[in-house]
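One structure is given below, encoded as structure tokens.
The values are calculated or read from the model by the stated rules, or taken from the named source; none is laboratory data. From a predicted model like this one, the values you see are computed outputs, not experimental measurements. Please note: Cβ atoms are built from the backbone with ideal geometry, for glycine as well, and neighbour counts cover all protein chains shown.
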Amino acid sequence: MRLAAGLAALAAVVSAKVPQPDADGRYTLQAEGIKAQFIPYAGTLTNLWVADKNGIQRDIVLGYDNTSFYPVDPGHPVYNAIPGRYANRIGNGTFQIDNITYHTPLNDGPNTLHSGPNNWSFRFWNVSSYTNSSITFTLHDPANSTGMPGSVDAVLTYSLTPHTWHITIDALSPDAKTPIQLTQHTYFQLDAFARPDNNRTVWNHTLHMPAARRVLEIDANALPTGVIADVEPGSVADFWSEPHQLGFASGNAEFQNNCGNGCHGYNGNWAFDGARDKGEVALTLSSAWSGIKGELRTNQDAVVLYSCNWNDGKTEYKRTQGWKGEGDKFIPRDGCLAVEAQDYVDGINNPEWGRIPHQIFGPGDKYHWESSWTFGLIDEE
């Protein structure tokens, strides 16, 4: 409870002294080899620049030119935002704590996605501190705002060091046990839609997750069935045995409907080996065309990957992306990869997995999430 009170006091004292954003509403952070911009809505990263192999600065995440569109976009893809208080799916919109059943709004077929249509990615966060290399946001989530017991206070900090983007999230419910599972829902396109051959998919991006040897099997609605399967080398989910291009299994019959009914590609949850060193790289994403690679380190025990199957091809990418002389500027189906470090999806409804201590917190228990992305070039040692 002292932490929650302290966080609220900090926000109240510091927020009045925080510098204002630029004319477009963005806060800009910079460090050697990296530049990032953020807005208070959903704690969103709007732009992320790193150099490609030719020294050209590339904006490698999805988003909008006009920041005022984030709150009103009816599709609400959760671009580079913080969903919560429970990220990803809750089966049938129900869960139990101490034999009491709670109900959350259904917004993804028969399930709840990211805690429903009033989740943290729909909220304006408060800016409590800001420097040229760090920004901190705070959020108070009242009890029962998405059908979940207890209020939650959250603190989100983004910071930059040379070539690296750091993210930390701390959350606490002072008054009740409640589900807390968070993530940074980052959509990557390491070519920034700039290929002259107009190839805008991510199937030629390369992924390696050496500690991701298990995957949660899903049903037609992309909800885990309860089965955690070993990933066999060469199978559609295999990114541990060796690096693979994201589209390496596209000719495999299992690639179709692999991410739910009518969905091809990926929308799954890989579990990391329990004995892995959390200071080591958990995931490497790279593109041979741009030469850019990103290395994810995280304290989380799993990761969700979504290959943007449901893009409708009607959303333009940003003016900071693309190449001179191109025709249309639309993001295609399969045009991005969302990387979401988190715990096991719907772990609150699968107690046999042993994830309840990692997903139910309070009263007074601190939840802590941290990850970092380090960017460089493929041929760098």
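Identify, please: which residue in the stretch 249-259 is out of contact with any Ser or Thr (no Cβ under 9 Å at 6 or more places or on another chain) and assigned to a loop (DSSP other than H, G, I, E, B) and is, among those, surrounded by the most Cβ atoms within 10 Å (Cβ to Cβ)? Checked the stretch 249-259; the qualifying residue surrounded by the most Cβ atoms within 10 Å (Cβ to Cβ) is Ser250.
Checking the conditions here, which among Arg333, Arg297 is out of contact with any Pro (no Cβ under 7 Å at 6 or more places or on another chain), assigned to a loop (DSSP other than H, G, I, E, B) and either under 30 Å from Gly91 (Cβ atoms) or at pLDDT 95 or above (or both)? Among Arg333, Arg297, only Arg333 is out of contact with any Pro (no Cβ under 7 Å at 6 or more places or on another chain), assigned to a loop (DSSP other than H, G, I, E, B) and either under 30 Å from Gly91 (Cβ atoms) or at pLDDT 95 or above (or both). Which of the residues that make up the stretch 74-89 are over 14 Å from Pro149 (Cα atoms) and touching a helix residue (DSSP H, G or I) at 6+ places or on another chain (Cβ under 7 Å)? Val78, Ala81, Ile82, Pro83 - these are the residues of the stretch 74-89 that are over 14 Å from Pro149 (Cα atoms) and touching a helix residue (DSSP H, G or I) at 6+ places or on another chain (Cβ under 7 Å).
Is it the case that some residue within the stretch 35-54 is in contact (Cβ under 8 Å) with a residue 40 or more places away in the chain, in contact with a Leu (Cβ under 8 Å, 6 or more places away or on another chain) and of a type in the set (Val, Ile, Thr)? Taking every residue of the stretch 35-54 in turn, none turns out to be in contact (Cβ under 8 Å) with a residue 40 or more places away in the chain, in contact with a Leu (Cβ under 8 Å, 6 or more places away or on another chain) and of a type in the set (Val, Ile, Thr). Of all residues in the stretch 194-217 being part of a strand (DSSP E or B) and over 19 Å from the mean Cα position of the chain (by Cα), which is surrounded by the most Cβ atoms within 10 Å (Cβ to Cβ)? That would be Arg214. Where strands (runs of 3 or more DSSP E) sit wholly within the stretch 88-153, those with at least 2 residues that are under 18 Å from the mean Cα position of the chain (by Cα) and in contact (Cβ under 8 Å) with a residue 12 or more places away in the chain occupy 134-141.
If you go through the stretch 168-184 and keep only what is in contact with a Ser or Thr (Cβ under 7 Å, 6 or more places away or on another chain) and either among the aromatic types (Phe, Trp, Tyr) or under 28 Å from Arg333 (Cα atoms) (or both), you end up with just Gln184. Gly364 fulfils the conditions (1) small (Gly, Ala, Ser); (2) closer than 26 Å to Thr164 by Cα; (3) in contact with a strand residue (DSSP E or B) (Cβ under 8 Å, 6 or more places away or on another chain) except for a single criterion, (2). Pairs are defined by a Cβ separation below 7 Å, a sequence spacing of at least 6 or placement on different chains, a first member in the stretch 260-287 that is surrounded by 18 or more Cβ atoms within 10 Å (Cβ to Cβ), and a second member that is aromatic (Phe, Trp, Tyr) and assigned to a loop (DSSP other than H, G, I, E, B); the pairs so defined are Asn269/Tyr344; Ala271/Tyr344; Ala282/Phe272.
Of Leu160, Leu106, all but one fail to be crowded, with 17+ Cβ neighbours inside 10 Å and more than 24 Å from Leu172 (Cβ to Cβ); the exception is Leu160.
Every listed requirement among (1) in contact with a strand residue (DSSP E or B) (Cβ under 9 Å, 6 or more places away or on another chain); (2) at positive phi is met by Gly55 save one, (1).
Within the span defined as the stretch 96-108, one or more residues are among the charged types (D, E, K, R) and within 19 Å of Pro224 (Cβ to Cβ).
Of all the listed residues (Trp289, Trp310), the sole one being aromatic (Phe, Trp, Tyr), on the phi < 0 side of the Ramachandran plot, at pLDDT below 95 and part of a loop (DSSP other than H, G, I, E, B) is Trp310.
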